[in-house]
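Read the structure below first, then the notes.
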C-alpha cells in the first residue's frame, strides 16, 4: 500500500508505465480485499443462520429412512391411583412406571428425555407418601445410567433450572439443556416424551413427577423396536436440544431436523401385526420445521375422518379462539359441522378439579345447545370427579389427553385450551388403522383406547353435567374472582363460543 503512494523519479515514459502498473496493482489489491470481505460476510451470515440449530454431523447411528424398522410392538401404559376405585379395579394395561423402567432396561447407548417438571423423589412432601417409591425407582435408574456407559440427555424448561433433581442428574453425567420458552414463544414447555437408542419411544401425558407415577391418572404409549418412528421423534428432540438458551427461532432449519412423517406422508407401520399409518406432530407452529404437522391439524385429521364416534378425554377444556390464527379460527366450525351435519356420536370427558375454569361449563352448554331439537344429534359430556385424597393435601386428577374414533387415535401433551397450541411446546402421535386386523383374538390400538375411554366414562367417577347444579369442583372458585389460565390481556381480539 505504501508503494502506491511513492512519487515517481523515472523519466516520463517509464514513470507513466510504472504508474499504470502500480494503479492496476492497487486496483487488483482493492478488488481482492472487497471479494475477501464479501466472502467473510457471507460466511458470518451462514454461521449466524445455522448457529441457532447447529446439528451438522449429528450422529443418527446409521439409521436412515430407507433402512429403519417398521415392524414394531406397541404397549399402552397408564397410571391408576390406588384410591381410584373402579368396579373392575386395577389397570387395564401396563403400569406407567414399569413401562418406563422397561425402556431403561432396553437402553444400550442413549436415553433422550423431554420433560419440563421434575420431582420424582417427592421432595414437595413433608412426609414421604407410601406410593412415592415408584417415581423414586425411576429416578434411581436414571441416576445410575452413567455407571453402565449409557448417555442421558434431557431437554427442559429454563423456568425449572433450579430443579434439585436435574442438578443431581447433571452431577452424575447427564447432559441437560434448558430452553428459554418465555423468550422463544412467551409460553411453556408441555412436551413429554422419551427416545431410547433411536429404537424405542414413549409419549404421553405424564411428567417426570412422582404424582404421575402414583397419584395422577395418566396415559401414554410405548413403541418398541420402531426405528423409523424413533428417528423421527429423535429429530424433534434434537430441535429442543439445539435451542438451549436461544432467544429466537431460526427462519431456516437444518435439514437434519426435517420431519420424516407427516399428515400427507405418514409412516406405514405394523404395530402388533396390524397395519397403521402413523405420524408425529408438534406445537407451536414456529417449532415445526419443514414437513412437520401441527398438533391442531393432526386433531382435525382424526376428527374429520371419523365415521361413527368421536371420544375425547382431556383434563381441561377452555377453547378461547384467537381469530388471528388460521388454524384455531376453524376449530369451532369443524366441531359444529361434525356434530350437527355428520351426526356422529360425540362424547367429551373433562376433569373437574380445583383448577377447572368456570367458563368451561359455559362452553360445554354452548355445544350442547346445538343438539336441541335436532334429530340424530348426539353430544354427551361428563366430568371426571374423583374425591380429594390424603387429607386434601392434593387431588387426584384425570390427566389423559387423547382423542379416539372408530378409525384413529391421537395421543398428545396438550389439553383443549386454545392458547396451549399457540404458545406452548408439545408433541403428539397419530395412529390411523388401515383395513381389518388379521388376528381377531387380539384387540387393536383403536379398540384398546376405546376401552380405556369407556372404562372411565362408565365409572362412578364420571358425572353428567346437570342444569341448575353447580359442580362441586368450582363451588369455591365462584365465591372469589376467577383466575384466568391465560391472561386477560391475551383475550383481546379473541372469539369465545
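The values are calculated or read from the model by the stated rules, or taken from the named source; none is laboratory data. What you see is a predicted model; the values in this text were computed from it and never measured. All Cβ positions, glycine included, derive from the backbone under ideal geometry; neighbour counts span all protein chains shown.
Some notes on this structure:
- Count - residues of region 159-174 that are modelled with pLDDT of 95 or more and touching a strand residue (DSSP E or B) at 6+ places or on another chain (Cβ under 6 Å): 4
- Residues that are part of a helix (DSSP H, G or I) and surrounded by fewer than 21 Cβ atoms within 10 Å (Cβ to Cβ), drawn from region 235-288: 255, 256, 285, 286
- Just one of the numbered conditions (1) at pLDDT 80 or above; (2) surrounded by fewer than 16 Cβ atoms within 10 Å (Cβ to Cβ); (3) within 30 Å of residue 124 (Cβ to Cβ) is not true of residue 378: (3).
- For residue 318, the conditions (1) touching a helix residue (DSSP H, G or I) at 6+ places or on another chain (Cβ under 7 Å); (2) more than 27 Å from residue 79 (Cα to Cα); (3) touching a residue at least 60 places away in the same chain (Cβ under 8 Å) all hold with the exception of (2).
- Flag if residue 107 is in the same structural domain as residue 241 (by TED's automatic domain parsing), within 28 Å of residue 61 (Cβ to Cβ) and surrounded by 24 or more Cβ atoms within 10 Å (Cβ to Cβ): no
Listed here are the residues, each with its yes/no results for (1) within 21 Å of residue 70 (Cβ to Cβ); (2) assigned by TED's automatic domain parsing to the domain that holds residue 60; (3) more than 17 Å from the chain's Cα centre (by Cα).
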| position | (1), (2), (3) |
| --- | --- |
| 261 | yes, yes, no |
| 271 | yes, yes, yes |
| 274 | yes, yes, yes |
| 297 | no, yes, no |
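- Pairing residues of region 353-379 that are over 20 Å from residue 307 (Cα atoms) with residues that are part of a helix (DSSP H, G or I), at Cβ distances under 7 Å and at least 6 apart in sequence or on separate chains, gives 353/473; 354/473; 356/473; 356/474; 358/474; 358/477; 358/478.
- Residues of region 158-194 that are within 13 Å of the chain's Cα centre (by Cα) and buried (at least 22 other Cβ atoms within 10 Å of the Cβ): 189, 190, 191, 192, 193, 194.
- All of 170, 183, 155 fail the test of being in contact (Cβ under 8 Å) with a residue 60 or more places away in the chain and in a helix (DSSP H, G or I), apart from 183.
- Of the residues examined, residue 105 is one that is out of contact with any strand residue (DSSP E or B) (no Cβ under 9 Å at 6 or more places or on another chain) and either part of a loop (DSSP other than H, G, I, E, B) or at pLDDT 85 or above (or both).
- 2 or more residues more than 26 Å from residue 77 (Cα to Cα) and in contact with a strand residue (DSSP E or B) (Cβ under 9 Å, 6 or more places away or on another chain): qualifying helices (runs of 4 or more DSSP H) within region 341-457: 359-368, 418-423
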